[in-house]
Every structure is written in structure tokens, then in C-alpha cells.
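Report on the structure given below.
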């Protein structure tokens, strides 16, 4: 028979002509030498109509769809597992979590899995209170979208000082590498659009908003955009859109998924909030009426906000044995360490302040002259340094004097250069200490003032002040240092070497000074400053190494500049000293956030050093007292989180600069500083009606139950290791096991055959390495031993999984034969995959179903894991009748597919309908206004008023645009609602035959008695229910255990295998599936044995992790047994049983 005559619907074609296996749907002759074949990709589900010649067919491999049940049972089982692992996120509800290095909290799970992933497109504003762990929630979303093939090109936009934190946490917790894109990177690659070349990018908000950057961004389409501190994108109103807001609009229009993150989502103004929410959905929030309706209903589309009261840990056992869900955030207790400076120190302060005020006034008189502005900046900086430490002040004075002296010799040259462009005060406040020092040095080098004689006078004065400062240092009587040492003694730091302290200062010079002093007092000291690179935990001299040493107790006191204010997590410490107070109140909150965050179990003590007889000290103390008063009045820590919404970052800087320049007097200073620090403003934000949209309580019981279900279904390292071990021989790839390390192996060189999967259209992972170092599928083992963690989402795992599935296609088409100890007569099990797809073409859910068709009796829906209990066998000489029974498609639809579709539709419609209602409300309101505008303009036309016809045309055009917009959105939402079953396909069939050894005397003796088992099940169910647990009988599902038992108070889950014995002694048997699950789930698998079921049933002491016992294998049937003797107390489990078949 010719090759082309063999082509028929249902077959699978593979070969170089196609980039994926293709299923034949239709075949039509096209003359004598060719065929027109309708093909569907088995992976992409794309239909192609292809003309194939006789030569083409010779180059193809044809996999027959006819069921012969003669395939390799092992490979068929592996092929189905490979498919199932490709959609593992469908049966493991927290799959992204299973393969990430995080242990999330209840509110984090709720956000990602109950809100974000239920959307057809992720468009969401997550507005939890500060410290909720936004990078973890964003990272989980990234991982879940990646696993679904929905996110490859990802952009994260954040303030510049948060870029390192994002990069670090995504690498450490999710093993995802992001590039931090800086202005320098873009300048160095002239003519190349770096945004297009990179797939995972972090960049700063203020870089991305620049007009010279936006054209490059506009060319790129992103799968996912995440914006941190997103409130900075808000606009005052429609006619005053900031550059940041315009950036938000661009990102909205060039991305599929968008997540905005902020702790301060609104300013108490519904109109402003509506405009902000239009960055997510311009239709849903087109009018403020939409947000008012959401306030009435207490829920808004695309929006979630949880307050700190809602954030708790999962329940943990207390010392008294009870379980409780503790609040995540401990108390924060601030203390002011106020002191006076006097004597020579006060004289120095007075003389430096006089110098600063004189030079500032002189600079102010020059107006907007760039050099004068530079001097004003420099003088303000000197005063900040003086407030920090005498040493920092002296260093600046000396450097300024030296640079002025050098500049005198080059005055003519310097005059040719303009001073560097000064950043605006807000940008200055976000600079790290090293950036600010570089700017200071540049300004000092070019800011000559006046004539040469004036410069010489300034140098003389600077040197005199520096000598004064040196004398104060030499006297060793600085008031702040004295108070600092006294507080260290009072708080016990000298006496308790294990008590850690985080010490913050604004300036690197002060840091150096304090390091020297602390070392001389005998402390183990480390530091973090802006001049240190991020590095790693093992690289000395880097930020992460210093952090690690502090965590491990090698360092007792960690001295830090603002470089540690973000991206460094130090919950091991609960005491923070602010040696100087930052002039930006937000900085203070960021500093405290390093220790006052989730993971901190103690109350946090914050000590602020303030010299109350200096202008700066008095002003800062009054500001913080006022903020604390407002916080106490509102009883809400959120006051400190939203201070940036009330006061600009550079507010204190601006006020004090005006004071130094003589624009404000002493009497005006406090009034000007506190003018906007008003309780009503903070109340408008913190307690506005918009806060009615915030949740103050979680449904913790539901989340505990869901976490337990996830624990029950999660893909464990043992399963992944077993799959890799078994699949590797079909590559082939040598994996040398490492018995001393859990689930570890040394892989040989990566075979070239695996590299072809990198070219698959849906491959979204990095390329394969030529060779991998030692690997483990166990997260803890990989972290401890610094091994490669291979898990779903890793390129090596994914390539092996895909290759295994491709290798198994032929066997899946043929089917295979198995022996089953549980079957008394032949049966066929058909495996189906089905997808629910919406009208936009997006796969909403995909499932694997198994239908058992018995020779006699009713059809049953089975768990796909049923195959685990079967033993591969040779096909029988004569096939049983059930082998040729027709497919049970009608029964499958009624009992599996229709419920699957209904369940998916229910989830989808609730959210789509909510969005639809708000879209209709907003756009109908705008249409009504457009109608009114048309009416007014038409009336003006009738009255022949000037310009009326133009206004009428504009109003009609606006009305038509709104109508078209509403129609487009209705169509889009209808398509999101329109769910259909697609790609329903039988993947494989297996024949289950009764095991030939089933009736052997030694096997029959081990088979369970159904009455005994029923009694044992009843006893165990009653026992667990009496403990107040949530108990389910799952024995019919063949999951490898009989009962799930959940303690809702503690969250403890037990997967219970029940065994019953009629007498006090006997033998219990584990099926392969039961033993496999016991081995894979030592954390929650329990064996409950009930003896004396024939008389008075007795539940024996439950056995946790029974796989650790030495089970004896019944080699004939691949089952496992133990001998039990309940005559002894406690019950004796005989692991050293006599030879099988002997007396027990």
C-alpha cells in the first residue's frame, strides 16, 4: 500500500516539515501525486491546510491512531505524566508557589490566587498598607503567568532607589534575572533600542518618563508591566497630566497585563482617584460615578486594598498549646533622644550657620544664575552635614577650601564651564549618598564666587572653621556622641554582645567616624553605604555580605547610610538609632521599614537623636511631634505612609533654604514648615470614604483550607525527581544520583536533541546550558548545598518533559496493556484532555480526565493517578470485548466536561459582569453629557451664535466616539463571557486486565476484606471528626490515601491511609500508589490501623510517615506489606517480618 494511502484522520504526523506534531483532521486527494491535508498542531491547536506530495510524505513519520494496546506501558505512563506536568498549575492551585523560594502569608495568597489570576487580563491596582510584601505578590504573579506561557517580556517601573530591591528579591525568591536599565545603558547603545533587545527589565520611573526615552518605549509591546509606588503617576486633573501619568497611559496601551502597586492609592478625592484608575481601564472608570458606585457596593473592579489589621500569619502553636494567627506587624515605639550642644561646639554651630546664611543670601541675590543656585545647594548641604557630625562638617570645609585653592589657579578655564545641571529637590532626596557626594564635588569645583580676593577670604574662613571643628573633635566632648554612648550603655549593648543595633546616618563621612568610635569601644562593626556594590552574601566588601554577617551575628552594630534604606531586610534586629534625622520624612519611614516588616517578631524601638537648641533640630523635632500627634488622633500608623502625599520630599529642604537665604525669619519658620501638616488633610486620606473599599479582615479559615488543598495536591520534589530519573533514559541523558543529598544528581552533558525544543514557538525560558552543575529537585537541599534547583520552569526540566511527551506520542496513540490487582474483570481507561477557551481565544483552563469503561457495570470518572497502581503487561492473545467498545463521549460530556465548563463559567462571569456594570455606568454617563452638549450646541446654532456650528460638530464627534468605544468594549466583554469547550481529545487508552497472580493463595491472603475496610473507615472518620477536624472520604478516587483531615485551627493537613484488620494481628498491604504517595509526602501522610474490626474495633496509635518503615515487597504483584501485632502495647509493627508466605 502506498504511503499516502495510509494517511487518515486521527493520525499524528511528525518530521522536519512541521515545528510541532500535527493531528490529521481531513484528507482530500489532489490529483495523482498529492493530497490536501487539514492538520491541527497538537500543542498550538492551530489549523493548517497543507498540500503534501508523495516526497513530503516519505519524509514524515506517521503515528497511527488505531488502538492496539501493544505500546510500552512505562513510556505511556511517562508521556501522560509529561503532559500533566505541563499543566501542573491546573491541579496544584498554588503551583507557582511550589517552585519558588517563598513561604507567603495569607493576604499574599489571597491577592494572587483569588484576585489577579481570575482576571481574563490582569489589570489591577494592589494597594495594601506598606510592608505587605509587594515584591512577593508580584513575583508569584510573574511566575504563574510564565508557567501559563503568558509572560515573556516583562517591565518593572519603580523609583530609582527601589530597583536593586526588586532585582534582588526576584532573583533570590523566584530565580528570575532582571536587568536594571539606567540612562547610561541607553546612552552607550546609540541607535539601538535596548527596550526591544531585553525581555526582563527594571527601570526607574523618572528615567522612563523622559521625553527622549518615550519614543523607544513606544515601539515595544510588553506582556506584563508592573509599576511600584504607582501613586506617583497620578495627575491633578484631565487637563494637567504629568509626564509620569502620560508614561502610565503609554504602558497601559502597550501591555497585555498591568499591575500597579502602592500603599497610598488616593488623596481622598474620588475624581482624582478615578483618573488614576483610568491607567488600568479607561472605560470602566471613565466617569467618577463609577467609583462612587463602587464605594456604595464596597468593592471596585481591579482594586484590592488590605489594611495592616487584615495581615496575619497562618496559625502557629503558642506555649500553652493553643493555636493563634498572630498579627504580622509588631508595635513601633519611637523615642526622641534630645540634647543641647554648648561651649565650643555651640560656637562652631553658630559660626558655620552665620557663614551659611551669609553665602546663601548672597547667592539668592543673584536670582536664577546657575552658579548662585549651586552655591545655595552647597550651603544647605553643609548645614545638613553639621547636623550629622562635626567630622562630616570638617571634611566638607576642608575639601571646599582645597578645591577653591585649586580653582584659583584655573579660574580662567573654569569660567568657561557651566556648573552641572542641578536636579530638582525631589530628585536630590532620592539620591544615594555617593551620588550626592559626586554632585557636591562637581559643584565645589566650578562654583567660584566673586573676585579672586573674595575667594581668598572664603578659603581663609573655611580653614578657620575647619580648625574650630578639629578642636571640637579633639576635645572628645561632642554632645551627640556622648548621648549616643550613654544610650548604648543604658540599652545593654555593652553587656550583651548578641544584641544587634542598626545605626543610620545620612553621610558616608559620619559613617566612617562612627565606625572608628564603635570599634574603639570594642564593638564588632560593619557598614553599608552607597559606594558598595550589591555583590553577594559570599563576596566581602559588598552590601549583601554585610547584611549576611549582621544576620549571622558576626556583626553586632551595622552602620548604614540611605543605601540600606531600601532593599536590605534586617528583621533579626529590632533596635534602630537615627544618628541624624533625614530632612525628607519619607526617608525616616524607609529606614524603619528595614526592621519593622513582616518577619519581625519583637516590638521595634526607634531612637531619634535631636539637638533641640539648633534651628534644624528644633524644626525636625516639631515636625515629627506634629506627625505623631496626628497619628495618635487618628489611631493609624498609615499617617507615616501617606506623609509624602501631604508634604513633598524636599519640603524641609526648601523651607530651610529660604531661611538661610533670609527669606524667612525665626518667627516664620515653624509656621511655614507646618502649614500643610494638618490633621484634616491626613484624615481626608486615611479615613476618607474611599477607605471603605479597604479590607480590614481576611477570610482566614477559607485560606487555611485552600492552603491545605494546595499542600495535598502540590507537585513535590520526590515526584519531579522520579519523573526525571525515569524520563532521562528515553533522551538518553545520564543522571548520576547523589544518595547523600535529597533528590540530587549530577547530569551529563546536555544532549543536542534537547536543544531543538528551544526553537518551539511557545518556549519562554532561557536557553539550555551545555552542562549543568550538581542539581536537586528539593528547594532546601539546593539552597543549602548551593546546587542548581531543577523544577518545573527550569529549562532542563522543561526540555526533558517536552521530549518525553514527543517520544510517547506513538505509544499514546497505540495504547498499552496493564495488570491490576484491583480489577476482577477487564476494563478500559480512556484519558482525555479538554480546554475551556473564551471568545478572545485565550485558554482559561485545561484539564486531564480519565474515564474507566468496565466490561460489566457503570462507567466511572477516575483520577489520572490510577495508572500508578497498574503494572505494565504484554497484550493478551485475544483482546477482551471492552477494548473495542465505543468512546463514552456523551457520558464524558455529562459527567465531566459540562461541570468543568460550568465551574469555569461561574468564576469568569462574576468578575466580567462586575466590570461590565461599571463600563456601562461610566460610558452611559459620558454619553448623557455628550447628548446635553449636543442639545446646547444645537440651540446655539438655532440662535445663530458665533462658533456654535463648530461646537455642535465637536459634540457630535465626541458622542460618536463614545458610542463606538462602548460598542467595542461590549464586544470585548461578551467575548470574555463566551466560554466553549475546545481541543477535547482522547490522548490515550489503556487496557486494565485482572492480575494473573490475583488468585494466588499468598496474594489472596493479603487482599483487603471490604467489610473490615468499611468498619475501619467509619472508626477513623468518627475519630477525626471528634477532634474537630474537617474530614473527607476520598477512598473512591484512588489518590493513594483514603481520608483528608484538616484542622482549621492550626492548618495541619493529614492524608490518611486506613487499614483494617479483623483480629488483633495480621498483615496490611500498600498498593504502589499508596507507597509512592507515602514516600513523596512524609510531611503529611499518616497510616491509621484499626484492629479487631470483627468484634470491638480499636484504633491504634496513628503512624506518621509510614514510608520510613521497612516494608516487604510482594514482587509478584509489586505491592508492599507489614505485619501488625496489637496484642502488645503499643502496637508492634514488624518490619523484620518472616519470609513472605510464612507464619506472621
- [ ] Sort 800-810, 963-973 for me by packing, meaning the mean count of neighbouring Cβ atoms within 10 Å per residue, highest on top.
- [x] 800-810, 963-973
Task: FRET E, pair residue 519, residue 453, Förster distance 45 Å, beta-carbon r, rounded to 0.05 - done: 0.50
Open item on the list: If I fit a long axis through the Cα atoms of helix 163-174 and take the longest principal axis of the Cα atoms of the chain, what angle between them do I get, 0 to 90°, rounded to 10?
Closed with: 20
TODO: Report the label-to-label distance for residue 961 and residue 498 in nanometres (one decimal), using points 7 Å from each Cα along the Cα→Cβ vector.
DONE: 6.9
Task: On Cα atoms only, tilt of 134-147 relative to the major axis of the chain in degrees - done: 40
TODO: Give, to the nearest whole percent, the P(r) tail of segment 333-392 beyond 19 angstrom, counting all Cα pairs.
DONE: 42
Task: Length released on extending from residue 536 to residue 171, taking residue separation times 0.36 nm less the Cα-Cα span - done: 130.2 nm
- [ ] Could you state the angle between the C-alpha long axis of helix 390-409 and the longest principal axis of the C-alpha atoms of the chain, as a value from 0 to 90 degrees rounded to the nearest 10?
- [x] 70
Task: Fewest-first sequence of 811, 844 by Cβ atoms within 10 Å of each Cβ - done: 844, 811
Task: Which of 123, 601 has the fewest Cβ neighbours within 10 Å, and the rest in rising order - done: 601, 123
Open item on the list: Counting just the Cα atoms, what span does segment 715-762 cover along each of its three principal axes? Round to the nearest Å and put the largest first.
Closed with: 37, 25, 15
Open item on the list: How large is the Rg to Rh ratio of segment 997-1134 when both quantities use alpha carbon positions and Rh follows Kirkwood?
Closed with: 0.95
TODO: Please report, largest first and rounded to whole Å, the three semi-axes of the ellipsoid equivalent to segment 105-310, where each semi-axis is the square root of five times an eigenvalue of the C-alpha gyration tensor.
DONE: 26, 21, 15
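Compute the orientation-averaged projected area for segment 129-206 from the convex hull of its Cα atoms and round it to one decimal in nm².
The Cα convex hull of segment 129-206, projected and averaged over all directions, gives 5.8 nm².
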TODO: Starting from the eigenvalues of the Cα gyration tensor, five times each then square-rooted, give me the equivalent ellipsoid semi-axes of the chain, largest first, whole Å.
DONE: 64, 39, 29
TODO: Could you work out how far the C-alpha centroid of segment 352-406 sits from that of segment 164-227, in angstrom?
DONE: 37
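Quick one: length gained pulling residue 890 to residue 939 fully straight, 0.36 nm per residue minus the C-alpha distance?
Result for the pair: 11.2 nm of gain on full extension.
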- [ ] Scale the Cα Rg of segment 679-761 by the rule-of-thumb value 2.2 N^0.38 Å and send over the ratio, two decimals.
- [x] 2.15
Task: Rg in Å to one decimal, and Dmax rounded to a whole Å, for segment 4-58 via C-alpha atoms - done: 10.3, 31
Task: Gyration tensor (alpha-carbon) shape descriptor, segment 482-585, a/c threshold 1.5 - done: oblate
TODO: Give the residues of segment 35-73 whose amide nitrogen is closer than 16 Å to a point set 7 Å from the Cα of residue 26 in the direction of its Cβ.
DONE: 35-41, 46-52
Task: Residue order, fewest to most beta carbons within 10 Å, for 736, 508 - done: 736, 508
Task: Geometric extent, Cα atoms of segment 854-971 - Rg, Dmax (angstrom) - done: 31.4, 98
Task: Relative contact order %, segment 524-581, counting alpha carbon pairs below 8 Å whose residues are six or more apart - done: 35
TODO: Compute the label zone of residue 463 within segment 384-400: residues whose backbone N is under 20 Å from the point 7 Å along Cα-to-Cβ.
DONE: 393-400
Open item on the list: Could you sort the peptides 453-459, 919-925 by per-residue average Cβ neighbour count (10 Å cutoff), highest mean leading?
Closed with: 919-925, 453-459
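Order these peptides, 907-914, 463-470, by their mean beta-carbon neighbour count within 10 angstrom, highest first. Intermediate results must be reported in sequence, preceding the final value.
Numbers: 907-914: 15.4, 463-470: 18.2.
Listed from highest to lowest mean packing, they are 463-470, 907-914.
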- [ ] Just subtract the alpha-carbon distance of residue 927 and residue 613 from 0.36 nm times their residue separation and send over the number in nm, one decimal.
- [x] 106.8 nm
TODO: Only bridges with both residues in the chain count here: give the DSSP antiparallel percent, nearest 5.
DONE: 55
Task: Relative contact order (percent, whole number), the chain, Cα cutoff 8 Å, 6+ residue spacing - done: 12
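Values quoted throughout were computed directly from the atomic coordinates according to the rules given, and no laboratory measurement underlies them. The structure displayed is predicted, hence computed values, not measured ones. Cβ sites come from the backbone with ideal geometry, for glycine too, and all protein chains shown count toward neighbours.
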